[in-house]
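See structure below.
What follows is calculated from the coordinates using simple rules that are stated; it is not laboratory data. Keep in mind that what you see is a predicted model, and the values were worked out from it rather than measured. Positions of Cβ are backbone-derived with ideal geometry, glycine not excepted, and every protein chain shown enters the neighbour counts.
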Amino acid sequence: MSRKVQIKRKTNETDISIDINMDGTGNNSIDTGIGFFDHMLNLFARHGFIDLKLDAKGDLEVDAHHTVEDVGIILGQAIKEALGEKKSIKRYGSSYVPMDETLALVSLDLSGRPFLVYDVKYTCEKVGTMETELFEEFFRAVANNAGITLHIKLFHGSNTHHIIEAIFKAFGRALDEATQIDDRIKGVMSTKGSL
Ligand SMILES: [Mn+2]
């Protein structure tokens with residue numbers, strides 16, 4: 001069973017193509033035009049063992065908002081499509097990731113019920129050229145389009161780069177755990193019979 005998907009999405013604001021393999025090694029090539037965002041998506045792919053090719057051309061002359069949100073939408077769609085009926089997957093995944101003074105938790109359920117709880121406070125409004133408030137928009141777009149119940153919690157942290165980096169690594173690790181196949185699971189991991 002191959003869990004690979006290619007999607008292209010074009011609007012008046014962005015033009016994005018994605019090529020994802022959920023069962024990869026973390027191999028990735030990412031170009032969103034936003035350096036810090038590329039760095040974070042690279043970490044997500046590496047720590048999630050996801051092969052990811054992502055090319056996004058957005059209206060950065062306006063600001064980064066459309067690009068970040070639309071990357072979240074297409075990434076969510078690609079994850080959802082790649083996982084298909086979610087047969088025999090573990091469904092839940094959680095990961096605590098420390099980075100120096102920072103400790104973050106991502107806990108998620110591939111439930112088909114989109115929900116985001118984002119309990120993160122930043123000390124700076126910007127990291128690189130990017131507004132920190134955009135990360136919540138990104139994760140909401142991913143959760144809504146992938147059908148993930150997604151909890152992101154920062155326990156402590158003062159350096160904004162560390163905080164966001166720990167969250168992206170934890171997201172990759174939690175998603176990797178939740179998407180693993182467990183042969184003991186016949187059908188889907190739900191008494192309801194569907195996810
Ligand atoms: Mn870094």
ask   = With labels modelled as points extended 7 Å from the Cα through the Cβ direction, what inter-label distance (nm, one decimal) is found for ASN27 paired with GLN180?
value = 2.3 nm
ask   = Mind listing which trypsin sites (Lys or Arg not before Pro) in region 155-195 are in a DSSP loop and have 13 or fewer other Cβ atoms within 10 Å?
value = ARG184, LYS186, LYS192
request  = With only alpha-carbon atoms counted, please give the Rg and Dmax of region 88-195, in Å.
outcome  = 15.0, 47
Where labels lie 7 Å past Cα in the beta-carbon direction, separation of THR191 and SER158 in nm = 4.8 nm
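Considering just Cα atoms, how many Å³ per residue does the convex hull of region 19-131 enclose? Intermediate results must be reported in sequence, preceding the final value.
Working: hull volume 14.2 nm³, N = 113.
Residue-normalised Cα hull volume stands at 125 Å³.
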remark   = Sorted by chain and then number, the residues having a modelled amide H within less than 5 Å of the amide H of ASP23, at least 5 places away or on another chain, are ARG3, ASP51
query = What is the mean projected area of the alpha carbon convex hull for the chain, to one decimal in square nanometres?
reply = 10.3 nm²
remark   = Between the residues CYS124, ILE148, ILE163, the Cα farthest towards the positive end of the dipole of region 4-178, that dipole coming from +1 and -1 charges on the beta-carbon of Lys, Arg, Asp and Glu, is from ILE148
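Which order do the peptides 114-121, 84-91 take when ranked by the mean count of other beta-carbon atoms within 10 Å per residue, highest first?
On the way: 114-121: 14.1, 84-91: 16.8.
Output ranking for 114-121, 84-91: 84-91, 114-121.
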ask   = Lysine pairs, Cα distance under 22 Å, 8 or more residues apart or cross-chain: how many in region 4-178?
value = 24
task = First measure r as the distance between the Cβ atoms of GLU125 and SER94, then evaluate 1/(1 + (r/R0)^6) with R0 = 25 Å and state the FRET efficiency to the nearest 0.05.
result = 0.30
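If we sort 2-11, 100-109 on the protection proxy, mean other Cβ atoms within 10 Å, highest first, what's the order?
Details: 2-11: 13.7, 100-109: 19.3.
Output ranking for 2-11, 100-109: 100-109, 2-11.
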